[in-house]
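Enquirer: Take a look at this one; I'll ask things after.
Values in this text are rule-based calculations from the coordinates and carry no lab data. Quick caveat, the model's predicted, so the values are computed rather than measured. Neighbour counts run over all protein chains shown; Cβ positions are idealised from the backbone, glycine included.
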Amino acid sequence: MKLLEFRCYHCVHCCFFVDPSESPILFDDEKEMLENLGKNMGIELRFEEIIQGLWRFIIEGFCPFYNIRTRRCNIHRTKPLACKMFPLLLNPKDGTIVVSRACEWVVENWDIVTSKPVFEIFPQEFKRAVEAYTKFLQYLRK
Ligand code: SF4
Ligand code: SF4
């Protein structure tokens, strides 16, 4: 029987980027936090400003914080909201939250995704998405 709630497969898809324009979106404070981590770890990171205060963390190939051996994020506790809420995505152009079809679980369970409310299927990720959306609104008001 299929589980009706999202369970991450820990495949590599959301930490490996073929198209850098799909890399995670960061708020100012998250960019600063990653920059500091990068400096401490001797890793050079690239960012691109999308709108004032919102950045894209440019990743080509594996994210420098991804541990290929364990298939886990090395900064799991402090990773950006965009990573914590995936496979939910915040569109910075219009503030909508959508389910990413780049996620293997989503593709395999599309029948579930389209039959139940998002907050029931992705309870933890939805909380993070609300957090990101609230933060996004604060940025727009600045
Ligand atoms: S920060 Fe962690 S979760 Fe986010 S893309 Fe990098 S390795 Fe993946
Ligand atoms: S693509 Fe989906 S199932 Fe795979 S690691 Fe990312 S969130 Fe988990």
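Enquirer: Pairs, please: C-beta under 7 Å, at least 6 apart or cross-chain, first residue closer than 15 Å to residue 4 by Cα and in the range 99-111, second β-branched (Val, Ile, Thr) and more than 6 Å from ligand 2 (Cβ to nearest atom)?
Expert: Close Cβ pairs (under 7 Å, with a partner that is β-branched (Val, Ile, Thr) and more than 6 Å from ligand 2 (Cβ to nearest atom)) amount to 106/99; 106/113.
Enquirer: Counting only residues that are part of a loop (DSSP other than H, G, I, E, B) and touching a strand residue (DSSP E or B) at 6+ places or on another chain (Cβ under 7 Å), which one in the range 77-101 is nearest to ligand 1 (Cβ to nearest atom)?
Expert: Selected residue: 79.
Enquirer: If I go through the range 112-141 residue by residue, how many of them are more than 16 Å from ligand 2 (Cβ to nearest atom) and part of a helix (DSSP H, G or I)?
Expert: 13
For (1) surrounded by 14 or more Cβ atoms within 10 Å (Cβ to Cβ); (2) within 30 Å of residue 140 (Cβ to Cβ); (3) over 15 Å from the mean Cα position of the chain (by Cα), each residue gets a yes or a no:
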{"site": "7", "(1), (2), (3)": "no, no, yes"}
{"site": "12", "(1), (2), (3)": "no, no, no"}
{"site": "37", "(1), (2), (3)": "yes, yes, yes"}
{"site": "51", "(1), (2), (3)": "no, yes, yes"}
{"site": "65", "(1), (2), (3)": "yes, yes, no"}
{"site": "89", "(1), (2), (3)": "yes, yes, no"}
{"site": "101", "(1), (2), (3)": "no, yes, no"}
{"site": "110", "(1), (2), (3)": "no, no, yes"}
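Enquirer: Can you confirm whether residue 122 is among the aromatic types (Phe, Trp, Tyr), closer than 25 Å to residue 53 by Cβ, buried (at least 16 other Cβ atoms within 10 Å of the Cβ) and in contact (Cβ under 8 Å) with a residue 12 or more places away in the chain?
Expert: no
Enquirer: Right, next: Report, by residue number, each residue of the range 30-69 that is of a type in the set (A, V, I, L, M) and touching a Ser or Thr at 6+ places or on another chain (Cβ under 6 Å).
Expert: Once the filter is applied, which keeps residues that are of a type in the set (A, V, I, L, M) and touching a Ser or Thr at 6+ places or on another chain (Cβ under 6 Å), the range 30-69 yields 58, 59.
Enquirer: Could you please tell me which pairs satisfy a Cβ distance under 7 Å, a separation of 6+ or placement on different chains, a first residue in the range 7-28 that is under 17 Å from residue 45 (Cβ atoms), and a second residue that is within 13 Å of ligand 2 (Cβ to nearest atom) and part of a loop (DSSP other than H, G, I, E, B)?
Expert: These pairs meet every condition: 15/63.
Enquirer: Taking the condition in contact (Cβ under 8 Å) with a residue 24 or more places away in the chain and closer than 24 Å to residue 140 by Cβ, does residue 80 pass?
Expert: It is true that residue 80 is in contact (Cβ under 8 Å) with a residue 24 or more places away in the chain and closer than 24 Å to residue 140 by Cβ.
Enquirer: Criterion first (more than 18 Å from residue 104 (Cα to Cα), more than 16 Å from ligand 2 (Cβ to nearest atom) and touching a residue at least 40 places away in the same chain (Cβ under 8 Å)) does residue 41 satisfy it?
Expert: Answer is no for this residue.
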